[in-house]
Amino acid sequence: EGVEQTELETVAFTVENGIAWVSLNRPDKRNCMSPRLNRQMMRVLDELEYRDDVGVLVLTGEGTAWTAGMDLKEYFRETEAQGLKGTRSAQRESYGWWRRLRWYQKPTIAMVNGWCFGGGYGPLFACDLAFAAEEAQFGLSEINWGILPGGGAAKVAVELTSFRNAMYHSLMGENIDGRKAAEWGFVNEAIPLARLKERVTEVANVLLTKNPVALKATKDAIRRVREMTYDNAEDYLVRAQEAANSFDNEGRKEGIKQFIDDKTYKPGLGAYDK
Ligand code: ACO
């Protein structure tokens, strides 16, 4: 495809029994996110999203890290050297795949096997569920090298945990382990690393038994209502359910057919014949 081999290798995936296991795959660099990795992850997410053999996506990391955050050399230093254009384009690529993941068609699970720093909080929040190894370490280390927790990381902290926890975590630059991350609400559960994959497989298998239209409607509803008043949420949920009920909207297809094939009406001038 003309994609450099090095780019392809930054993300690995396998699909097995309905589960897509996607790994950040730069173990030698603790899976820190370079522009190459960000571009490749978007391609992989694209490829898997609508596959019939994929019901759940799990995001994990090869080696000892989930992700050591942004690549300080390739994502920051080298793109900054290209000026604002370089910085903005690197941001678009990383924020782009995190956003894609937040609204992914299939339910997603973060399987946090090890280090999770800074920019890693973007994909952490993007995944619908999260399970961490007790041994994993989470940190907003930005303060330790002199920036604020950007790329959404500050927002993720206040969304997931209390104001005081978020403030302490960002100002102190101290790491917390998987257990604490579960206590703080960063992840659903912490499990010993040796049993992490087994537990995530169990959860994924439950999701695979559910109605896929309902799963997508539900995950979106949970994310959307966070930002709504009660009345707006109530209204959104009624409409979202009704939209899900008519997911396979035949009328719309009939409207296109009568215009394009039958030429019996023009949508600009009137309505199709029901
Ligand atoms: N950016 C660039 N390179 C990195 C990063 C990173 N974020 N993290 C690790 N690496 C590289 C190291 O430079 C080293 O490269 P080398 O082998 O060419 O020397 C290699 O990955 C292995 O890293 P070590 O530090 O040797 O691994 P160790 O297991 O001892 O430590 C740890 C792991 C704690 C994760 C450490 O690598 C680290 O502190 N990384 C930075 C974490 C961080 O603060 N990330 C930025 C968050 S802020 C943000 O994302 C916006």
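The values are calculated or read from the model by the stated rules, or taken from the named source; none is laboratory data. All values reported here derive from a predicted model rather than from experimental measurement. Backbone-built Cβ (ideal geometry, glycine too); neighbour counts: all protein chains shown.
This table checks each residue for (1) small (Gly, Ala, Ser); (2) within 16 Å of the ligand (Cβ to nearest atom).
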{"position": "LYS106", "(1), (2)": "no, no"}
{"position": "GLU134", "(1), (2)": "no, no"}
{"position": "GLY150", "(1), (2)": "yes, yes"}
{"position": "LYS155", "(1), (2)": "no, yes"}
{"position": "GLY178", "(1), (2)": "yes, yes"}
Might you let me know whether segment 125-132 holds any residue that is charged (D, E, K, R), surrounded by 22 or more Cβ atoms within 10 Å (Cβ to Cβ) and away from the ligand (no atom under 11 Å from the Cβ)? yes
Has segment 246-256 got at least one residue that is modelled with pLDDT under 95, of a type outside the set (A, V, I, L, M, F, W, C), over 25 Å from GLY55 (Cβ atoms) and surrounded by 12 or more Cβ atoms within 10 Å (Cβ to Cβ)? yes
Every residue from segment 229-254 that is part of a helix (DSSP H, G or I) and of a type outside the set (D, E, K, R): TYR230, ASN232, ALA233, TYR236, LEU237, VAL238, ALA240, GLN241, ALA243, ALA244, ASN245, GLY251
Condition set within 16 Å of the ligand (Cβ to nearest atom) and outside any helix (DSSP H, G or I), scope segment 157-176, selection surrounded by the most Cβ atoms within 10 Å (Cβ to Cβ): answer is ILE176
Qualifying positions in segment 111-123 - touching a Phe, Trp or Tyr at 6+ places or on another chain (Cβ under 7 Å) and within 14 Å of the ligand (Cβ to nearest atom): VAL112, ASN113, GLY114, TRP115, CYS116, GLY120, GLY122, PRO123
Restricting attention to segment 144-153, which residues are assigned to a helix (DSSP H, G or I) and in contact with a helix residue (DSSP H, G or I) (Cβ under 6 Å, 6 or more places away or on another chain)? ALA153
With the condition kept exactly as written, say whether any residue in segment 210-228 is over 19 Å from the mean Cα position of the chain (by Cα) and assigned to a helix (DSSP H, G or I). no
Within segment 192-207, is even one residue touching a strand residue (DSSP E or B) at 6+ places or on another chain (Cβ under 8 Å), under 24 Å from THR14 (Cα atoms) and outside any helix (DSSP H, G or I)? yes
If a residue has to be more than 24 Å from GLN82 (Cβ to Cβ), more than 13 Å from the ligand (Cβ to nearest atom) and surrounded by 16 or more Cβ atoms within 10 Å (Cβ to Cβ) to count, how many in segment 19-46 make the cut? 8
Within segment 223-238, does at least one residue satisfy the condition of being out of contact with any helix residue (DSSP H, G or I) (no Cβ under 7 Å at 6 or more places or on another chain), farther than 27 Å from LEU160 by Cβ and surrounded by 11 or more Cβ atoms within 10 Å (Cβ to Cβ)? no
Suppose the filter is crowded, with 17+ Cβ neighbours inside 10 Å, more than 18 Å from the chain's Cα centre (by Cα) and either touching a residue at least 24 places away in the same chain (Cβ under 8 Å) or more than 16 Å from the ligand (Cβ to nearest atom) (or both); does GLU142 pass it? yes
Residue that is farthest from LYS216 (Cα to Cα), among those in segment 47-88 that are more than 12 Å from the ligand (Cβ to nearest atom), in a helix (DSSP H, G or I) and in contact (Cβ under 8 Å) with a residue 12 or more places away in the chain: THR79
